[in-house]
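Step one of this worksheet: look at the structure below.
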């Protein structure tokens, strides 16, 4: 079942949406629905403690010694040198509060960080 409603977008956003829809042969509604699903999924991670699995992506000018972080939630990692600096990907598993704290800790040394949740299990929910 779908529900219809109208939204207003700033002109530059609407133009980009039209360009994207045309370039991937899709309709605007599908693109907006997919973007909202992702946003809601990511936003849900900010509310309520839960176990999660995900990726923390870091971009930095210098290589980051992940071992010095002494974090039990980091299960795997790799770093590559790119034209923009160093890109480090951390695969993490643990309580979201631990993930958030680790991201905050490493972000002080980074140009950019992003957490991509892969799965989550909420406490007290079936």
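State whether one or more residues within region 30-48 are surrounded by 14 or more Cβ atoms within 10 Å (Cβ to Cβ), more than 23 Å from residue 120 (Cα to Cα) and at pLDDT 90 or above.
Looking for residues that are surrounded by 14 or more Cβ atoms within 10 Å (Cβ to Cβ), more than 23 Å from residue 120 (Cα to Cα) and at pLDDT 90 or above, one finds at least one in region 30-48, hence yes.
Give the residues of region 72-103 that are without any contact (Cβ under 8 Å) to a residue 12 or more places away in the chain and either buried (at least 17 other Cβ atoms within 10 Å of the Cβ) or over 13 Å from residue 55 (Cα atoms) (or both), sorted by residue number.
80, 82, 83, 101
Can you tell me which condition residue 111 does not meet? The list is (1) over 24 Å from residue 37 (Cα atoms); (2) surrounded by 14 or more Cβ atoms within 10 Å (Cβ to Cβ), and all the others hold.
(2)
The values are calculated or read from the model by the stated rules, or taken from the named source; none is laboratory data. Source: prediction; values computed, not measured. FYI the Cβ positions are ideal-geometry reconstructions off the backbone, even for glycines, and counts take in every protein chain you see.
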